[in-house]
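Chemist: Let me begin by handing over the structure; questions about it come next.
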Amino acid sequence: FSTVETWTLPLYLFIIGYAFLLSLFCGLLFPRSLEGYGDFKTYFYKQRAWLFAVFIAIFAVDFVDSALKGAAHLARLGLEYPIVIGVLIAGGATAAIVKNERYHAVFGVAVLTYMIAWALRGYFTANA
C-alpha cells in the first residue's frame, strides 16, 4: 500500500484485521498454557479446526491484499503466487479436517520449506 494516497477507514480496518489474524494465529499456535490439554500434541489436534481456519483466512486476506495493490503487482508475483495460495488454502482445509499425524507432519514441513525457500529467493534477488 505504498502507493495509497488517501487512507480510508475500510482500508485501515483491513490492514488492522490482517495484523489481528497474524496475532491470533500466533496465539493459537503458541498458547500461554496447556492447562486442560496435557501436552501440545493434544492441544494441537483439539484446536486444529480453529488453527487452520485462521491459517486459511491469513492466506485469503493476503491474496486480497495483493489484488488491492493492483494488476501490475499481481503480475509481478507471477503465476506461482495464486497457485501457492490455492495449495495452502486447500492444504489448510484438509489439515483442519484430517487428524492424520503423517499428513500434518508432511504439510508442516512442506509449508515451512517452501516459505524459507521463497524468502531466500526474494532475499537474493535484486529488485529495482
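The values are calculated or read from the model by the stated rules, or taken from the named source; none is laboratory data. Since this is a predicted model, take the numbers as computed values, not measurements. Backbone-built Cβ (ideal geometry, glycine too); neighbour counts: all protein chains shown. Side chains included, ligands, DNA and RNA excluded: accessible areas come from the protein's heavy atoms. Shrake-Rupley method; radii C 1.70, N 1.55, O 1.52, S 1.80 Å.
Chemist: Only one residue in Tyr45, Tyr81, Tyr37 is over 16 Å from Met115 (Cα atoms), out of contact with any Gly (no Cβ under 9 Å at 6 or more places or on another chain) and open to solvent by less than 60 Å² (accessible area, probe 1.4 Å), so which one is that? Write out each step before concluding.
Modeler: Numbers: Tyr81 fails: over 16 Å from Met115 (Cα atoms); Tyr37 fails: open to solvent by less than 60 Å² (accessible area, probe 1.4 Å).
Only one candidate passes the filter, namely Tyr45.
Chemist: Among the candidates Val64, Val111, single out the residue that is surrounded by 14 or more Cβ atoms within 10 Å (Cβ to Cβ), in a helix (DSSP H, G or I) and among the β-branched types (Val, Ile, Thr). Break it down into steps so the answer makes sense when it comes.
Modeler: Values: Val64 fails: surrounded by 14 or more Cβ atoms within 10 Å (Cβ to Cβ).
Among Val64, Val111, only Val111 is surrounded by 14 or more Cβ atoms within 10 Å (Cβ to Cβ), in a helix (DSSP H, G or I) and among the β-branched types (Val, Ile, Thr).
Chemist: Right, something else. Which condition number does Phe59 fail, the rest of (1) assigned to a helix (DSSP H, G or I); (2) open to solvent by less than 80 Å² (accessible area, probe 1.4 Å); (3) aromatic (Phe, Trp, Tyr); (4) modelled with pLDDT under 95 being met?
Modeler: Unmet for Phe59, out of (1) assigned to a helix (DSSP H, G or I); (2) open to solvent by less than 80 Å² (accessible area, probe 1.4 Å); (3) aromatic (Phe, Trp, Tyr); (4) modelled with pLDDT under 95: (4).
Chemist: Quickly run through region 84-100 and pick out the residues that are more than 19 Å from Leu28 (Cβ to Cβ) and loosely packed, with under 14 Cβ neighbours inside 10 Å.
Modeler: As a first pass, look at region 84-100 and keep what is more than 19 Å from Leu28 (Cβ to Cβ): 84-87, 90, 100.
Across region 84-100, the qualifying residues are Gly86, Ala90, Asn100.
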